[in-house]
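**Q** Pasting a structure below so you can have a look.
The values are calculated or read from the model by the stated rules, or taken from the named source; none is laboratory data. Because the structure is a prediction, the values reported are computed rather than measured. Quick reminder, even Gly has a Cβ in these numbers, built from the backbone with ideal geometry, and neighbours come from all protein chains shown.
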Amino acid sequence: MTLHFHPYDSDFVARVRAGGPDVYGAPAEPSVAEGTANPCRHCLRHIPEGAPMLILAARPFPAPQPYAETGPIFLCGEDCGPWHGEGVPEILTTAPDYLLKGYGADDRIVYGSGKVVPVDQLSAYAASLLEDRRIAYVDVRSSRNNCFQVRITERS
């Protein structure tokens with residue numbers, strides 16, 4: 001199975017960078033990246049230390065509903081292209097582990113799918129979840145702060 005890692009929606013990212021509102025209706029907060037713990041959800045790379053970045057609220061779901069988690073994400077403060085790479089993106093290679101959860105086509109968590117997995121088992125566990133017909137996609141979140149990282153589907 002070939003996994004596809006989806007960057008955050010480019011239209012949403014462009015609107016926010018142009019001063020548009022995040023999902024809470026607020027403008028993104030400008031900041032400066034510190035260290036290597038600032039993953040951009042668009043290019044799926046770490047924002048270089050000292051580079052401008054944006055902090056904003058995001059909801060990687062099409063509409064509000066009980067399972068549509070909203071939370072903070074970072075974006076490069078300057079334009080960056082969306083991830084089009086192969087394999088595991090850089091932002092999923094530096095933490096010791098991540099929280100993975102499977103969701104159905106109805107955007108609801110498939111109970112029993114959530115698990116914190118070591119970084120070296122991330123792809124294997126995502127693939128095993130996607131073999132389950134009930135699961136349409138897998139969301140990867142920080143295991144420490146529960147921040148959304150990236151969505152994974154099976155590449156067709």
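**Q** Could you tell me whether T153 is surrounded by 12 or more Cβ atoms within 10 Å (Cβ to Cβ) and within 15 Å of L3 (Cα to Cα)?
**A** So T153 passes the test.
**Q** Counting only residues that are out of contact with any Ser or Thr (no Cβ under 9 Å at 6 or more places or on another chain), give me the strands (runs of 3 or more DSSP E) lying completely in segment 63-129 with at least 3 of them.
**A** So the answer is 71-76.
**Q** When L100 is evaluated against the numbered criteria (1) modelled with pLDDT under 95; (2) surrounded by 19 or more Cβ atoms within 10 Å (Cβ to Cβ), which criterion, by number, is the only one it fails?
**A** (1)
**Q** Return yes when P60 is within 12 Å of the chain's Cα centre (by Cα), surrounded by 15 or more Cβ atoms within 10 Å (Cβ to Cβ), not assigned by TED's automatic domain parsing to the domain that holds V140 and not aliphatic (A, V, I, L, M) and no when it is not.
**A** yes
**Q** I need the full set of residues from segment 11-35 which are within 20 Å of H84 (Cα to Cα) and exposed (fewer than 12 other Cβ atoms within 10 Å of the Cβ), in order please.
**A** D11
**Q** Still on this model: If the Cβ limit is 8 Å and pairs must be 6+ apart or interchain, which residue in segment 142-156 that is over 16 Å from A37 (Cβ atoms) pairs with which residue that is charged (D, E, K, R)?
**A** R151/D139; I152/D139
**Q** Quickly run through segment 63-87 and pick out the residues that are surrounded by fewer than 16 Cβ atoms within 10 Å (Cβ to Cβ), touching a residue at least 12 places away in the same chain (Cβ under 8 Å) and of a type in the set (D, E, K, R).
**A** E78, D79
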